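Each reported figure results from applying straightforward, stated rules to the coordinates on display, with no laboratory input. Just so it is clear, the model here is predicted, and its values are computed rather than measured. Methodologically, a virtual Cβ is constructed for each residue, glycine included, from the backbone with ideal geometry; neighbour enumeration extends over all protein chains shown.
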Amino acid sequence: MADASWDLGATVARARREGGRMIERMAHDVGAVVPRLPLDLDAWQRDVRLLADRALRDLEVRAANLVDAFERRIETTSEMVLRRFSAATQSEIDFLGRRIATLEKRLRSLEKSVRTRSRTTTTTPQQQTTTTP
C-alpha cells in the first residue's frame, strides 16, 4: 500500500511539472503572436460607430412602429368604447352633417318655389274679404 501512495504522489508531482511547462510554452506562444497583431484604432472606432448608427436607426424604426401600433390600438379601443355607450363615431357625424346640408338645400329650394308660386298667383277680391260674425 505504501508503494501505491508513493506512485500516486509521484504521478501528481509529474503532472504538475508538465502542466507548468505547458503553461509556460503557451504563454510564450501567445506572447509571440500578440505583438504581431496590427492594432488599428481608427478602423475599430469606425466599426463601432457604424454598429452604433445601425442600432440607432433600428431603434428609431422600432419606436415609429410602436407609435403607429399604439395609435391604431387607441383608435380601435375608442371606437369600441363609443359603440358601448352608443355614441356616434366621426364618420357617422360627418355623414349626418352632409345629410343635414342636403336637406337644408332642398328646404331652401322649396321655399323659393313657394315664394315664386305665391307671387305668380294673384289674389281675388273675394279671397281678401273676410266675414266677421
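Stretching the chain fully between Arg72 and Arg117 yields a gain of 10.7 nm (0.36 nm per residue, less the alpha carbon separation).
The gain in end-to-end length when the Ala101 to Ala27 segment is fully stretched comes to 17.6 nm, 0.36 nm per residue minus the alpha carbon separation. Take the Cα of Glu60, step 7 Å toward its Cβ, do the same at Gln45, and the gap between the two points is 2.3 nm. With all projection directions averaged, the alpha carbon convex hull of the range 47-109 covers 7.0 nm². Taking θ as phi - 60° and the Karplus parameters 6.51, -1.76 and 1.60, the scalar couplings of the range 95-107 work out to 4, 5, x, 5, 5, 5, 4, 5, 5, 4, 5, 5, 4 Hz in sequence order, x denoting glycine and proline.
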